[in-house]
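Chemist: Right, I'll just put the structure down here and ask away after.
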Amino acid sequence: DKEKLQEEIKPSEGVPALRIPLRWEWALYGSLVLMAAVMHLWDLGSRAMHHDESLHAYYSWNFYMGRGYQHNPLMHGPFQFHGNAALFFLFGDSDYTARLLSALFGTFLVFMPYFLRSRLGQVGSLLVATFLTFSPVMLYFSRFARNDIYMAVWSLGLVIALWRYIDEKKNRYLYALAALLAMAFSTKETSYITVFVLGSFLFLWALPEIVSVLLRKKKLSQLSFAGILFLLLFTLTLPLWSAGIGLFQDGLGVVLASKEFNAGPVGVPSGWGILVAALVVILFFSISAALGVVWNWRLWLGCAAIFSSIWTLLYTTFLTNLPGVGTGMWQSLGYWVVQQEVRRGGQPWYYYFVITSIYEFLPLFFGVIAAIFYMRKADLFRVFLVYWAVMTFVLYTIAGEKMPWLLVNVALPVIVLAGRFIEDIATSISWRRLMTQGGLFLISGVPLLLILLWRLAFLQINTRERLGILSLGLLLTLVIALIGGALYLGRRVGYGQVLRFSSLVLAAFLLVFTVRAAWMASYKNGDTPVEMLVYTQTSPDISRVAREIERYAKLTGKGMELPVTIDATDGYSWPWAWYLRNYTKVGYPCYSTEPGCASMKATPDSAVVILNTRNQTSSASFLKERYSEGIFIRHRWWFPEVYRDMTLNKLTRALKDRKEWRKAADYFLYRKFGSQLGSTDAYFYFSQDLAKLASP
């Protein structure tokens, strides 16, 4: 019954009891956005360029320099290259401007909950904005030249457009949905997961209508809002799902997504697979158009025009690279279908449980409670938030590739869910009664209780020492006193009120640690892989050596014509291709004994040589005559993945061992662990003539 459904999801449900004057609301949003802008833009170019960042920055720079751009799914969609090239044109090319687009998107993301305030509530939307501002994951990867933060903006934008259409029934939100879908699919292939999650929820919601249409009891033109949204998501994106049949290519006996580089570009069809692929695309296009025209030809054609125009212009680089239609239509998904078998990163299935608990512990804690609470009794919006968070977590856990930057997509719905739940808690408290009856006691009592329990957990007791026994007795006395005070307050105002207010104090307490974790990851350890977020990172030595090369270029008077040789073994071309992009005499030979490489057989004719340590022994003899003694530098280093190979038995033993508790606490608080950082290293050589010039 349509009227019943509309009544069930009306925005007036959960209207907050707390009201914030509009001027104060705007002031709070303005403060958060300003704070986010400072946090995102400050010292943005200081961190060494990550391998992936250098790829994105270099090909954006090529585009900016007039050398064109061709879509390659290895580096995901074309949006970031167009955006970066535009910023290079406006502000010049540098490490700072290479990350500027991400920083701007990260800042805008903080303001976006405002557009969902009719569903999240005033307090809830401000809480989500606050969590996004100080989220360690969102802050780190919005100061990083990758496309995951763009996907966070598009994904949240899709959710906003979806629910604004449900609430207001205005076609402009359908047009916005089409534009956001085009931007998402032009940014990264994780858009397939996002659309699947949103589309499956709408499908389940509209399932009775869909069945009625299939049974011809109802016309497509009579669909309600859920059916319309599902139809639009389905028809606009269906052709882009064509390459998904590559999952079944072995059974079909044709190559729909090539797996080997020597067989052609990875993810593209070959032989009879080309014909099959063409037929599938045509079929999916026909189905989409037929459904859309039958539903509402004018509205659907308008949405399709918006979607296809944006998508086509970006993938073809404004019609200068027409093959981009083919790579975008098939290879985007085809490439990553193949990569799922590769399982890049090789992370265990519980990877996101580990890394989320280290960085997004606040929204994770409240999100889990919210999921349990809302599944018992909640309106459709709250059920949607639970579905969005749980399904996203499950799908990324199932996916073959698990990387820290993908946590942006996992954390976003959990943050929104936690903000909505904490708003529900706040609006269910009888504030006046609680405050007049001594509720302020909890503001200091809850953090103090947590600190005391922490001390008890790690207290080493020696029964022969009186001081240890006294410490234990004092801690227990204080804990009992605090719990007793809370119980006494509960008798006066209600235990539920005490529990709710205590949970708000706990949220504030955890927010302090969240801010600290964000600061450590983004500023203190930004390019030092003691952070799981940092994962594999270019060493700061590389940016220091790049500055030395620049100094030598000036000393010799050769400028950008200074000859430099980089040993390309282990992918050492990156990030040097970015750092040395303006130098005209840079060579990238491979000096290892691997296939396709050649051992150094003569002294290089360069002022500077960067040599992989693997090749130092075999090549050092050729460098003695003309070069200084090699200076050891770290090239790429990574987090020692001590969390691997966890089993239920190991976990059970760790939970029983307080030494393991201490190790976990040391990492959580101080990023200390007992293992060495992994690294691949190099030697930095400069010519003796250069050494004479450089010496004082």
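Chemist: What's the carbon and sulfur percent of the chain's accessible surface, probe 1.4 angstrom, rounded to a whole number?
Modeler: Summing carbon and sulfur atoms, their accessible area is 64 percent of the total for the chain.
Chemist: Take each of the peptides 561-574, 85-98, average the number of other beta-carbon atoms within 10 Å over its residues, and list them starting from the highest.
Modeler: 561-574, 85-98
Chemist: Per Stokes-Einstein, at 10 °C and 1.306 mPa s, what whole-number D in µm² s⁻¹ belongs to segment 545-696, with the Kirkwood radius over Cα pairs as the hydrodynamic radius?
Modeler: My calculation gives 87 µm²/s for D.
Chemist: Under DSSP H, which helices of the chain have Cα atoms covering 24 Å or more of the helix axis and a Kyte-Doolittle average no less than 0.0?
Modeler: 22-41, 95-111, 148-168, 191-214, 272-315, 380-398, 407-427, 441-458, 466-493, 495-519
Chemist: Mind running the shape call on segment 392-474? Use the C-alpha gyration tensor, a ≥ b ≥ c as the square roots of the eigenvalues: rounded below 1.5 for a/c, prolate if a/b tops b/c, oblate otherwise.
Modeler: oblate
Chemist: Next up: Could you rank Glu260, Glu629, Glu401 by how accessible they are, 1.4 Å probe, largest area first?
Modeler: So, going from the largest accessible area down, we get Glu629, Glu260, Glu401.
Chemist: Here's something else I'd like to know. Take the alpha carbon atoms of the chain, find their radius of gyration, then divide it by 2.2 N^0.38 Å using N residues; give the quotient.
Modeler: 1.08
Chemist: How big is the accessible area of Lys650 in square angstrom, nearest 10, if you roll a 1.4 angstrom probe over the protein chains?
Modeler: Counting only protein heavy atoms, the figure is 90 Å².
Chemist: Oh, and also: Can you give me the C-alpha center-to-center distance between segment 612-673 and segment 392-456, rounded to a whole angstrom?
Modeler: One Cα centre to the other: 33 Å.
Chemist: Additional query: Once every DSSP H run of n ≥ 4 in the chain is given -39500 (n - 2.57) and the sum is divided by its residues, what mean residue ellipticity at 222 nm do you get, rounded to the nearest 500 deg cm²/dmol?
Modeler: Result for the chain: -20000 deg cm²/dmol, rounded to the nearest 500.
Chemist: Pull out the extension gain between Ile483 and Ser675, defined as 0.36 nm times the separation in residues minus the alpha carbon to alpha carbon distance; nm, one decimal.
Modeler: 65.1 nm
Chemist: So, how do all the Cα-to-Cα distances of segment 20-151 break down into 10 Å bins, in percent, from 0 on up?
Modeler: Histogramming segment 20-151 at 10 Å steps yields 13, 39, 27, 16, 4, 0 percent.
Chemist: What does the charge add up to near Met435, with Lys and Arg as +1, Asp and Glu as -1, over the other residues with Cβ less than 15 Å from its Cβ?
Modeler: Neighbourhood net charge equals +4.
Chemist: Taking each pair of distinct Cα atoms in segment 498-570 once, what is the resulting Kirkwood hydrodynamic radius in Å?
Modeler: With all distinct Cα pairs of segment 498-570 included, I get 16.4 Å.
Chemist: For a paramagnetic label modelled at 7 Å from the Cα of Ser46 toward its Cβ, which residues of segment 508-522 fall within the zone defined by backbone nitrogen distances under 13 Å?
Modeler: Inside the label zone: 519-522.
Chemist: Which value, in Å² rounded to 10, gives the accessible area of Asp645 with a 1.4 Å probe and all protein chains present?
Modeler: Roughly 110 Å² of Asp645 is accessible to a 1.4 Å probe.
Chemist: Sticking with this one: Which percent, nearest 5, of DSSP beta bridges in the chain are antiparallel?
Modeler: Among the beta bridges of the chain, antiparallel pairing accounts for roughly 75 percent.
Chemist: How high is the FRET efficiency between Leu453 and Phe353 when r is their beta carbon distance and R₀ equals 35 Å, given to the nearest 0.05?
Modeler: The calculated FRET efficiency here is 0.90.
Chemist: Once the whole set of protein chains is in place, how much accessible area is left on Phe632, using a 1.4 Å probe, in Å² to the nearest 10?
Modeler: 100
Chemist: Taking a probe of 1.4 Å, how large is the accessible area per residue of the chain, in Å²?
Modeler: 46
Chemist: Same structure again: Using a Förster radius of 22 Å, what is the FRET efficiency between Ser212 and Ser308 based on their Cβ-Cβ separation? Nearest 0.05, please.
Modeler: With R0 = 22 Å, the Cβ-Cβ based efficiency is 0.15.
Chemist: Still on this structure: Any chance you could list P(r) for segment 117-221, counting all Cα-Cα pairs in 5 angstrom bins from zero, rounded to whole %?
Modeler: Bins of 5 Å from zero give 2, 11, 15, 18, 20, 17, 8, 4, 3, 2, 0 percent of pairs.
Chemist: Just grab the label-to-label distance for Phe89 and Arg23, each label 7 Å out from Cα along the Cβ direction, in nm (one decimal).
Modeler: Rounded to a tenth, the inter-label distance reads 4.3 nm.
Chemist: Keeping every protein chain in place, order Cys303, Cys590 by accessible area at 1.4 Å, biggest value first, i.e. largest first.
Modeler: Cys590, Cys303
Chemist: With r as the distance between the Cβ atoms of Leu301 and Asn62 and R0 = 45 Å, compute the FRET efficiency 1/(1 + (r/R0)^6) and round to 0.05.
Modeler: In this case the efficiency is close to 0.80.
Chemist: List the pair-distance distribution P(r) of segment 549-639, using every Cα-Cα distance, as the percent of pairs falling in each 5 Å bin from 0 up to the bin containing the longest distance, rounded to whole percents.
Modeler: Answer for segment 549-639: a P(r) of 3, 13, 24, 24, 21, 11, 3, 1, 0 percent.
Chemist: Kirkwood hydrodynamic radius, computed over distinct alpha-carbon pairs, for segment 427-515: how many Å, to one decimal?
Modeler: Value: 14.4 Å, from the Cα pair sum.
Chemist: Picking from Ala399, Val414, Ala507, whose Cα lies most toward the positive end of the charge dipole for segment 398-510 (charges on Cβ: Lys, Arg +1; Asp, Glu -1)?
Modeler: So the residue we want is Ala507.
Chemist: List the pairs from Lys259/Lys650; Lys188/Lys217; Lys170/Lys377; Lys170/Lys219; Lys188/Lys650; Lys170/Lys218 whose alpha-carbon separation is above 32 Å, in the order I gave them.
Modeler: Cα-Cα > 32 Å for Lys259/Lys650; Lys188/Lys217; Lys188/Lys650; rest within.
Chemist: Percent relative contact order of the chain, based on C-alpha pairs within less than 8 angstrom and at least six residues apart?
Modeler: Contact order relative to length: 14 percent.
Chemist: Right, another one. For Phe509 paired with Leu34, estimate the spin-label separation in nm (one decimal), with each label point 7 Å from Cα along the Cα-to-Cβ line.
Modeler: Distance between label points: 3.2 nm.
Chemist: Cα atoms only: what Rg and Dmax, in Å, come out for segment 287-408?
Modeler: When restricted to Cα atoms, segment 287-408 yields Rg and Dmax of 19.9, 54 Å.
Chemist: With a 1.4 Å probe and all protein chains kept in place, how do Val254, Val137 rank by accessible area, largest first?
Modeler: Val254, Val137
Chemist: Just to confirm my understanding: which cysteines in the chain have no other cysteine beta carbon less than 4.7 Å from their beta carbon?
Modeler: For the chain, the answer is Cys303, because their Cβ atoms have no other cysteine Cβ under 4.7 Å.
The values are calculated or read from the model by the stated rules, or taken from the named source; none is laboratory data. Remember, predicted model here, so these are calculated numbers, not experimental data. Counting neighbours? That spans all protein chains shown, and the Cβs are built from the backbone with ideal geometry, glycine included. In case anyone asks, the SASA skips ligands and DNA or RNA and just uses the protein heavy atoms, side chains included. Shrake-Rupley method; radii C 1.70, N 1.55, O 1.52, S 1.80 Å.
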